[in-house]
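Structure first, commentary second.
The values are calculated or read from the model by the stated rules, or taken from the named source; none is laboratory data. Remember, predicted model here, so these are calculated numbers, not experimental data. Quick reminder, even Gly has a Cβ in these numbers, built from the backbone with ideal geometry, and neighbours come from all protein chains shown.
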Amino acid sequence: KGNFRSPYSAEYMGAQTDDYSTLSSQNYLALALTLLYQQSGREEYLDAVRGILDFTREWLYDSEQHRILHHWMDGAIAQPDHPEYFCSGCNLQTLYVIWYLYREVLGTSL
């Protein structure tokens with residue numbers, strides 16, 4: 001679960017394989033799946049959202065810097081020498097996805 005491929009910027013970033021996903025693509029998909037769950041009540045959508053958030057936490061979160069890095073590429077987390085390494089907008093978007101999921105959909109607070 002999680003780590004859905006997003007090839008839209010793979011060539012620009014220098015990906016050598018199709019093992020490439022960005023934080024923004026994970027956020028967009030998580031939000032779309034959250035809305036699908038909210039409208040349908042189908043648990044598989046909520047499970048997919050949890051998988052995306054688990055992937056983000058386990059593979060993109062840098063605990064030393066306390067931030068989520070830009071992408072996963074060719075079996076590794078973003079590196080400082082990549083064209084994109086960190087995106088504050090994507091980090092803010094992740095917070096929104098989590099807030100919306102917990103407050104507006106699940107009716108709980110963080």
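With the requirement that a residue be within 24 Å of residue 32 (Cα to Cα) and either modelled with pLDDT of 95 or more or part of a loop (DSSP other than H, G, I, E, B) (or both), what does region 70-84 give you? Answer for region 70-84, where residues must be within 24 Å of residue 32 (Cα to Cα) and either modelled with pLDDT of 95 or more or part of a loop (DSSP other than H, G, I, E, B) (or both): just 70. In region 7-26, the residues that are of a type in the set (Asp, Glu) form Cβ pairs under 7 Å with partners that are modelled with pLDDT under 85, at six or more places apart or across chains, as follows: 18/5; 18/7.
Across region 10-44, the qualifying residues are those that are buried (at least 18 other Cβ atoms within 10 Å of the Cβ) and of a type in the set (Ser, Thr, Tyr), and the one among them that is farthest from the chain's Cα centre (by Cα) is 37. Of the set (1) within 16 Å of residue 102 (Cα to Cα); (2) of a type outside the set (S, T, N, Q); (3) surrounded by 16 or more Cβ atoms within 10 Å (Cβ to Cβ); (4) in contact (Cβ under 8 Å) with a residue 12 or more places away in the chain, all apply to residue 47 but (3). Cβ-Cβ contacts under 9 Å between residues 6 or more apart (or on different chains), taken from a first residue in region 84-104 that is at positive phi to a second residue that is at pLDDT 95 or above and surrounded by fewer than 17 Cβ atoms within 10 Å (Cβ to Cβ), are absent.
Somewhere in region 16-23, is a residue assigned to a helix (DSSP H, G or I) and either at pLDDT 95 or above or not polar (S, T, N, Q) (or both)?
Quick first cut of region 16-23, residues assigned to a helix (DSSP H, G or I) only: 23.
Next, from what is left, pick out any that are either at pLDDT 95 or above or not polar (S, T, N, Q) (or both): 23.
Yes - at least one qualifying residue is present in region 16-23.
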